[in-house]
Amino acid sequence: MNTNTSIVVLISGNGSNLQAILDRIDIGNLDGQVVAVISNDPQAYGLERARLAGIKEYCLDHRDYPSREDYDRALMKLIDNHDAELVVLAGFMRILTEGFVQHYVGRMLNIHPSLLPKYKGLNTHQRAIDAGDKEHGASVHFVTPELDGGPVIVQSKVPVFEDDTASELASRVQEQERDMYPLAINWFCQNRLIMDNNKAFLDGVMLEESGYASD
Ligand code: GAR
């Protein structure tokens with residue numbers, strides 16, 4: 001069944017997660033369509049990826065707005081002009097205002113490069129190395145007003161090796177991200193994944209704190 005859910009993807013950088021989503025749609029394995037890609041940074045390579053895929057791309061540079069509230073209002077307007085049913089944060093490196101988050105609550109997903117609730121915020125790979133963690137990974141979660149605190153949908157783990165640098169570990173994590181994010185997005189597009197009362201449900205079953213299939 002192709003529900004053709006309208007997706008707007010927000011990015012700030014390379015856009016490898018965006019590319020994975022587009023590739024999955026291309027081969028018919030994701031029941032949605034990306035109707036627009038928006039970056040807050042004009043240099044984001046993800047904008048080029050959108051152009052190459054023939055998808056509407058916009059740069060809404062946060063430096064052009066006097067406040068976070070003004071920026072988020074403009075961003076909301078642009079997203080809503082595309083009748084987005086799902087907002088996908090794919091390396092969008094901005095803290096969102098509560099008003100913005102509430103507007104999309106239950107239909108906005110994020111991917112975060114750590115095994116949440118560990119290492120919310122930035123520099124997650126270095127923090128995992130510094131803590132001597134033996135495993136690290138990424139989490140897909142619904143976005144709620146608490147930064148990186150919304151209910152987890154799926155996590156993927158990778159080993160941390162003794163001589164890992166943060167960038168080696170990041171590559172290992174990002175390889176997992178490219179599979180797990182399209183999977184979770186597809187669940188949402190197929191109406192199998194919902195958020196209710198700050199919990200994530202897949203096929204009517206409440207997911208654990210670490211999400212579905214954490215191993
Ligand atoms: C990804 O690793 C994602 O988990 C991370 O940014 C990277 C974006 O890569 N997101 C965050 O840190 C959000 N707090 P990409 O631009 O190649 O998709």
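Quick notes on this one:
- Residue check, L147 surrounded by fewer than 19 Cβ atoms within 10 Å (Cβ to Cβ) and over 21 Å from L30 (Cβ atoms): yes
- Meets criteria (surrounded by fewer than 18 Cβ atoms within 10 Å (Cβ to Cβ) and within 16 Å of the ligand (Cβ to nearest atom)) for R73: no
- Residues in the stretch 157-169 that are touching a residue at least 40 places away in the same chain (Cβ under 8 Å) and in contact with a strand residue (DSSP E or B) (Cβ under 7 Å, 6 or more places away or on another chain): K157, L169.
- Of all residues making up the stretch 102-127, the number that are in contact with a Pro (Cβ under 9 Å, 6 or more places away or on another chain) and either over 16 Å from A200 (Cβ atoms) or of a type in the set (S, T, N, Q) (or both): 4
- Hits in the stretch 70-111 (condition: of a type in the set (D, E) and in contact (Cβ under 8 Å) with a residue 12 or more places away in the chain): D72, D83, E85, E98
- Scanning the stretch 162-196 for residues that are of a type in the set (D, E, K, R), more than 16 Å from the ligand (Cβ to nearest atom) and within 25 Å of V8 (Cα to Cα) yields a count of 2.
- Residue ID - surrounded by the fewest Cβ atoms within 10 Å (Cβ to Cβ), chosen from residues in the stretch 77-98 that are closer than 24 Å to L122 by Cα and more than 15 Å from the ligand (Cβ to nearest atom): E98
- Selection from the stretch 51-69 of residues that are free of Cβ contacts under 8 Å to residues at least 24 places away in the same chain, surrounded by fewer than 16 Cβ atoms within 10 Å (Cβ to Cβ) and of a type in the set (D, E, K, R): R51, D61, R63, D64
- Counting only strands (runs of 3 or more DSSP E) that sit wholly inside the stretch 115-215, those with at least 2 residues that are under 19 Å from E85 (Cα atoms) and not basic (K, R) are 135-142, 193-196, 199-202.
- The residue that is nearest to A20 (Cα to Cα), among those in the stretch 66-102 that are touching a strand residue (DSSP E or B) at 6+ places or on another chain (Cβ under 8 Å) and of a type in the set (V, I, T), is V88.
- Positions within the stretch 102-127 being more than 14 Å from the ligand (Cβ to nearest atom) and of a type in the set (V, I, T), in sequence order: V105
- For the stretch 126-141, the set of residues classified as more than 22 Å from P182 (Cβ to Cβ) and either touching a residue at least 40 places away in the same chain (Cβ under 8 Å) or touching a Ser or Thr at 6+ places or on another chain (Cβ under 7 Å) (or both) consists of Q126, A128, I129, listed by residue number.
- Matching residues in the stretch 5-50 - criterion: being more than 9 Å from the ligand (Cβ to nearest atom), free of Cβ contacts under 8 Å to residues at least 60 places away in the same chain and of a type in the set (S, T, Y): S39
- Residue within the stretch 47-62 that is at pLDDT 95 or above, of a type in the set (G, A, S) and touching a strand residue (DSSP E or B) at 6+ places or on another chain (Cβ under 9 Å) present: yes
- Filter result for A36 (surrounded by 13 or more Cβ atoms within 10 Å (Cβ to Cβ), over 16 Å from the mean Cα position of the chain (by Cα) and under 26 Å from N191 (Cα atoms)): no
The values are calculated or read from the model by the stated rules, or taken from the named source; none is laboratory data. Keep in mind the model is a prediction, meaning the values are calculated, not measured. Neighbour counts are summed over all protein chains in view; Cβ atoms, including those assigned to glycine, are modelled from backbone coordinates with ideal geometry.
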